[in-house]
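Read the figures in this text as sums done on the coordinates, not as results from a lab. Quantities reported herein were computed from a predicted structural model and do not represent experimental measurements. Cβ coordinates were reconstructed from backbone atoms using ideal geometry, including for glycine residues, and neighbour counts include every protein chain displayed.
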Amino acid sequence: MRRRSVRVVTVLVITWSLAACGFVNVAPPGWRQMTMTVENKSGAPARLFVARDEDPMGRVVGTAIPSQVLAGATQEVVFTVPPDQGWAIFVNPGPQRGPLLLASELDGQSGRLTISIGVEANGEPYSVWPD
């Protein structure tokens with residue numbers, strides 16, 4: 001019996017550790033996950049957030065995994081967003097840079113999206129929508 005309980009505890013610790021590190025990304029009930037390609041052409045990491053749609057950026061309310069795309073890299077990012085409409089996706093937020101994508105623009109979408117995100121050499125983010 002002791003051996004079995006040690007295995008169960010070990011499995012739980014590993015699962016929680018992986019989830020905390022972002023290796024396992026499970027959306028809470030009612031939340032959605034969207035995967036987008038992010039291409040960073042700049043010389044600095046691109047920072048990605050799901051936060052309240054405010055200016056400046058509001059509090060973080062979702063996740064972007066990974067939350068950074070390295071300089072010169074292209075990577076798939078999984079955004080986990082809440083069920084309400086008050087959030088936005090921010091890329092390299094700052095005093096002069098508000099949200100890039102609004103909840104209303106992504107309403108009802110989930111899974112792998114054809115929308116992608118780019119970051120210019122100067123750090124300015126942009127979105128690419130299919131024709």
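Descriptive notes on the structure:
- Of all residue pairs spaced 6 or more apart or on separate chains, those with beta-carbon atoms under 8 Å, a first member in the stretch 83-105 that is touching a residue at least 40 places away in the same chain (Cβ under 8 Å) and over 18 Å from residue 44 (Cα atoms) and a second member that is in a strand (DSSP E or B) and charged (D, E, K, R) are 83/32.
- Residue pairs meeting the criteria (Cβ under 8 Å; at least 6 apart or on separate chains; first in contact (Cβ under 8 Å) with a residue 60 or more places away in the chain, in the stretch 115-131; second part of a loop (DSSP other than H, G, I, E, B) and of a type in the set (A, V, I, L, M)): 117/100; 123/44; 125/100
- When residues of the stretch 59-86 are limited to those that are among the small types (Gly, Ala, Ser) and either more than 17 Å from residue 106 (Cβ to Cβ) or crowded, with 17+ Cβ neighbours inside 10 Å (or both), the one nearest to the chain's Cα centre (by Cα): 64
- Residue within the stretch 42-51 that is surrounded by fewer than 16 Cβ atoms within 10 Å (Cβ to Cβ), out of contact with any His (no Cβ under 6 Å at 6 or more places or on another chain) and either hydroxyl-bearing (Ser, Thr, Tyr) or within 21 Å of residue 121 (Cβ to Cβ) (or both) present: yes
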